[in-house]
Each structure stands twice: as structure tokens, then as C-alpha cells.
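The values are calculated or read from the model by the stated rules, or taken from the named source; none is laboratory data. Keep in mind it's a predicted model, so treat the numbers as computed, not measured. Here the Cβ is made from the backbone with ideal geometry for all residues, glycine too, and neighbour counts use every protein chain on show.
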Amino acid sequence: MKRVLFVLLSAAALPLCAASYTVHEIPMPNGSPDGIAMDYIAFNPHTNTVWVPANNGRVNVIDVATEKVVEISGFTTKEVTVRDRKRIAGPSAVSIGDGVAYIGNRGDSSICAVDEKSHKRGACVTLDSSPDGVAYVASTHEVWVTTPRENTLRVLDAKTLEQKAKITLDGGPEGFAVDGKGGHFFTNLEDKDRTVEIDLKTRQPIATWDPACGEAGPRGLRFDDVNNHLIVACTNKAETMDMRGKILSSVDTGDGVDDMDLRNGRLYVGAAKAAKLTIVDVAPDGHLSVIAQVDTRPGARNPAVTAGGKVFLAHGGGVNSNAVVVVKP
């Protein structure tokens, strides 16, 4: 009995290594040689599913246990030109609300509420600027949307999706995090290398911080509501900041970071160019320490982590990028 107890305690105390994880792919329906581009994805704890908006006009819902994919079709797409390259724009963001998933679609600049169980579409609104990130704010029953082309945020009523406010910023918003208890919303200004704190009630910026990400600017954000720290993703690292904007700690993650995820005191950062997932312990004082780095696939990024620690990574697009990458402990 003593020997068994010793083994259990030792396993819990030691960091996990890359060999402790397996990596595989889940093909998405209706793939093509040009690949499927995915951006923000999300884990829904109510249904134990991962929601994957895709630029081919579909939202794919993956059952975490069986990895079966259910396809929700009928979303608008359109051809756009980005940096002299033609691309297809379609569903690209999702946020899990109260019984619904809010889908942002660059194909028609819409936000739609989709029932999390029946997958039927409810209220929709068309914005006058293309949406990027979508964030459900439970404390105010609102949906906040980043619209970087206009350097604005849009605040929508969570039930009707009626626009309640437009917040103008000094740069293009990229990424988001919500401190519901403290009453704050955070976003980055990618083109200014700044992070902004906004009051949820007054909808006014109250602080601007310098994450020192460099010319490429900051990307994803997560709020550690247990220890009251903000975590910022740069394109090649992640860092913690206190509520005065002081950088407390940082870790290298490899190039190609966009968004990230935080669950149970662990940070998960996917680097698309480096083709690896970095798993980081977040200490109460904000110190970051790498637990493991796992080789994934080129283009894999923007993780969504389940309650059991299974990691789903979106694919940024490109030739034959027709699958979600899964890292399993």
C-alpha cells in the first residue's frame, strides 16, 4: 500500500513530458484541396462538444467523447482579397452563451445565435463592419464583438442581438478576455502594441498597458479570475500581467501564436509556424513555467481545451488543411 501511494504522489508532482500526449486529426466535412480555414473555436461544457466555425460556410460540432462531427450548414460565404490573395470568408468565431452558441461570420458580417442542442438558428444581426472575435459576457447578458476594420467594439443584447453600443478605440482590437466579477473587458490593439481595459458598465476604456510584444503586436488574451492576472499572447510567447499592467512572467512558445486557452491553472498555446503546443503552469503569483511542448501540425493554433484536458486546435488554412488537430493526454 505504501508503494502504491508513493507512485501516485510522484506522478502528480512531476511535470508531464511530450511523450505523455498523443496527436491525431479529425477530418472536417466538405474539405477541398485549398483547405478549410478556421479561427476561433470553443469548448461547450454544457454539451461536451467543441464548436468549429469554418470558412466553407459551415459550423462543425464535435462530440468530445466520440469525436463524431455534426455539420451545421447554410452560412453565407464570399470571396475577399487579403494582401493581394483571394480567399473565402465565412464563419470564423464562436462564443458559448446560455443555451446558445454565438457565431460570427465574415462572409456577411453577421452574428447569429444557434441553439446548442437542436442547432437551430435563432436571432441574427448584420453589422456594418466585419466581425472578428465574439465574446459572451454573462454578467451583463451581452455579446461583445471586435470589429478591427473600424477600430471598434460592438455591444449586443444577448437575447435579441440588437446593438446597444459602439466603442471606438485607438487601434484595431485583437483578442479579448472578460473579468465578469470585476466588471472589466480586455482587448489588444494589435497595431499599437497595447492592451486596453474597458469598464463593462460605462463601456469606457479605463487603462492602457504595454505588453511589449513588438512590431507584430499582441494577439490572444485570457483572464485568470482565480489569481486576478491577465495573460497576453504575443506571436512567439505568452506573458502574465498584473492589474496595473506590470509584466510578471513570460515563456517562449514558438512562432505563429494567435489565441490560447486557460483551464484549471494551465495555459495552452498553439504555435502555427512552429507546429507545437506549449502547456504552461500558471502559478498564483503569475509565474509561468512550461510543463510540456508537443509537436502538432503546421498551421495548428487557437486551442480549445475540454474539462478533461483534451486539446482541440483549429487550422489556420492552407493546402490540405481540412482537419482539426487533437492533442490527448
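So here's what we get for this one:
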| read-out | value |
| --- | --- |
| Pairs with Cβ under 8 Å, 6+ apart, first in segment 237-250 and over 21 Å from residue 181 (Cα atoms), second modelled with pLDDT under 95 and of a type in the set (Gly, Ala, Ser) | none |
| Selection count where residues are in contact (Cβ under 8 Å) with a residue 40 or more places away in the chain and either of a type outside the set (Val, Ile, Thr) or not in a strand (DSSP E or B) (or both), scope segment 45-59 | 8 |
| Residues being of a type in the set (A, V, I, L, M), crowded, with 23+ Cβ neighbours inside 10 Å and farther than 23 Å from residue 179 by Cα - total across segment 262-286 | 3 |
| Check on residue 251, of a type in the set (A, V, I, L, M) and within 19 Å of residue 184 (Cα to Cα) | no |
| Inter-residue pairs, beta-carbon under 6 Å, first closer than 15 Å to residue 250 by Cβ and in segment 271-291, second surrounded by fewer than 19 Cβ atoms within 10 Å (Cβ to Cβ) and of a type in the set (Ser, Thr, Tyr), 6+ apart | 281/289; 286/249; 287/249; 288/249 |
| Output for segment 93-149, where each listed residue is closer than 17 Å to residue 60 by Cβ, surrounded by fewer than 18 Cβ atoms within 10 Å (Cβ to Cβ) and touching a Lys or Arg at 6+ places or on another chain (Cβ under 9 Å) | 115 |
| Single unsatisfied condition, residue 226 versus (1) within 16 Å of the chain's Cα centre (by Cα); (2) outside any strand (DSSP E or B); (3) among the β-branched types (Val, Ile, Thr) | (1) |
| Filter result for residue 90 (crowded, with 20+ Cβ neighbours inside 10 Å, touching a residue at least 60 places away in the same chain (Cβ under 8 Å) and not hydrophobic (A, V, I, L, M, F, W, C)) | no |
| Selected residue (only one of 188, 227, 236 is surrounded by fewer than 17 Cβ atoms within 10 Å (Cβ to Cβ), touching an Asp or Glu at 6+ places or on another chain (Cβ under 9 Å) and not β-branched (Val, Ile, Thr)) | 227 |
| Residues being of a type in the set (Asp, Glu), part of a strand (DSSP E or B) and free of Cβ contacts under 8 Å to residues at least 40 places away in the same chain - total across segment 71-87 | 1 |
